[in-house]
Every structure is written in C-alpha cells, then in structure tokens.
Amino acid sequence: MRILVVEDDPDLGRQLTEALEQAGYAVDLAPDGEEGLFLGETEPYDAAVLDLGLPKLDGVRVLEKWRAAGKDLPVLILTARDRWSEKVAGFDAGADDYLTKPFVTEELLARLRALLRRTAGHANAALECGDLRVDTHAARASVNGEPIKLTAHEYRVLNYLMHHQGRVVPRTELVEHIYDQDFDRDSNTIEVFIGRLRRKIGSNRILTERGLGYRLIDPKAEKITE
Ligand code: CA
C-alpha cells in the first residue's frame, strides 16, 4: 500500500515517513499544498495523510480539488488543536478521518489501517484468505498459524494482494502501489517477489492470469466452486 503524506513541518514529515515505512508502506512526502495536490492527482495512492495548515495551498483546498477531480482515496486530515471549524471544513471537503496535533504515531497508524481496510471492504483487523493471514498491525503473515518470514517488499506485495483478494491485480498496478515515487522501478522484480512469496506461502495461492496480472485466492474455497 502506498501513502501520500502532505506535511510542511520537516521534522513531523520525516517522522511520519519513517513510521509509515517501518509499518510496511511505500511513502511519498509533499512539503506544501501545491506538490501535494499534484502528487494526489497524478499518482495512485491508497490513502493520504493531509495537514490542513500548508504553504502555497491550504489542505482544505487540496482536498476539495482532489474530490472535484474524482479522486476517492481515503484521506486522514491533521488539524491544529482546538480548531473545530477546521475539522468541519475538512469533513465537508471530503475527509474520512482526522487527528488533532500533537498526536501519537501509533494512533495515526491504527486509523490508517482501519481506513485502508474499510476502503477495501474488510471490517476485521486481520486480513484472511483461507488459512493465510496478514496482521496489518504487526506487519506479519502466517499460514495455518505458522509465521512466515517476509522481506519488506514481499510484505508490501502480499498486503496489497490481500486487500484486493479474488480480483486480478495487474502487474503495473502492483508496481505503483508498492514503490514510492523515487524508487527505481522495475516491473520484472514483481515476478521475483511473486516467486518468493509462492515458495513461502504455497504455490497455489497466487494465480498468474496471463497478460492480466495476479490473483490471490483461497485454493480450498476455489476448488469447491469449480
Ligand atoms: Ca502545517
């Protein structure tokens, strides 16, 4: 999953980027409203963390413009303490959740997980596909209760497929959602990650739909319907 952070405070921006990367996300940081607007309009993010007090273009205007352009990504706004009118303006502009500064990073991560889950149609905190399970809080996966050791990129690929299980995910879409903007992207490495994942979680769980992409399935459930 790939997150856009729009925050002008350099310390907070860096701190958020590090915490999100640690939690298994690809992250792009925009230091002002104009760049945030541009990135949100041109790159396919799974969610955005948007500060409202921003130079060049304020956060409420950024959000209004995203929504007017048909961007429906979940957006968590950051507001200054005791500025209730800012929150109201943020929600009216299309925000999905908010946090008041200062906040604890753990709370931001928890709210973001909930937003991403609900957007993908999952109500439960742990994502499951048969006996394959991804705990998005701990950023860990297990099969039949046995923990699976994954690298950061393998986890990102699996987490994205878990959020979109049953659907064919094109390779280009995977590339766009597991790497940040500055990463030297190579779609061939996706094949390598998929190969490694198959060895770790079982070869029959990720199907290759030739020319289309990859589909994560529960092989046991799939057999019954065939
Ligand atoms: Ca600010």
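So here's what we get for this one:
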quantity: Residue satisfying condition, being of a type in the set (Lys, Arg) and under 14 Å from the mean Cα position of the chain (by Cα), within set 118, 67, 140, 83; calculated: 118
quantity: Inter-residue pairs, beta-carbon under 8 Å, first of a type in the set (S, T, N, Q) and in segment 1-22, second within 16 Å of the ligand (Cβ to nearest atom), 6+ apart; calculated: 17/5; 17/29
quantity: The listed residue being in contact (Cβ under 8 Å) with a residue 40 or more places away in the chain, surrounded by fewer than 19 Cβ atoms within 10 Å (Cβ to Cβ) and of a type in the set (S, T, N, Q), out of 42, 105, 100; calculated: 105
quantity: Filter result (farther than 30 Å from residue 30 by Cβ, in a loop (DSSP other than H, G, I, E, B) and hydroxyl-bearing (Ser, Thr, Tyr)) within segment 179-208; calculated: 203
quantity: All positions within segment 71-92 that are away from the ligand (no atom under 15 Å from the Cβ) and within 18 Å of residue 5 (Cβ to Cβ); calculated: 71, 73, 74, 75
quantity: Filter pass, residue 168 being hydrophobic (A, V, I, L, M, F, W, C), more than 15 Å from the chain's Cα centre (by Cα) and outside the structural domain of residue 42 (by TED's automatic domain parsing); calculated: yes
quantity: Residues (assigned to a loop (DSSP other than H, G, I, E, B) and within 13 Å of residue 52 (Cα to Cα)) located in segment 71-90; calculated: 80, 81, 83
quantity: Criterion violated by residue 112 - all others in (1) away from the ligand (no atom under 16 Å from the Cβ); (2) crowded, with 19+ Cβ neighbours inside 10 Å; (3) farther than 19 Å from residue 20 by Cα; (4) modelled with pLDDT of 95 or more satisfied; calculated: (3)
quantity: Within segment 45-78, considering residues that are farther than 20 Å from residue 14 by Cβ and among the β-branched types (Val, Ile, Thr), the one surrounded by the most Cβ atoms within 10 Å (Cβ to Cβ); calculated: 62
quantity: Criterion (surrounded by 15 or more Cβ atoms within 10 Å (Cβ to Cβ), in the same structural domain as residue 148 (by TED's automatic domain parsing) and within 17 Å of residue 141 (Cβ to Cβ)) met by exactly one of 190, 217; calculated: 217
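The values are calculated or read from the model by the stated rules, or taken from the named source; none is laboratory data. In this text the structure is predicted, and so the values were computed from the model without any measurement. Quick reminder, even Gly has a Cβ in these numbers, built from the backbone with ideal geometry, and neighbours come from all protein chains shown.
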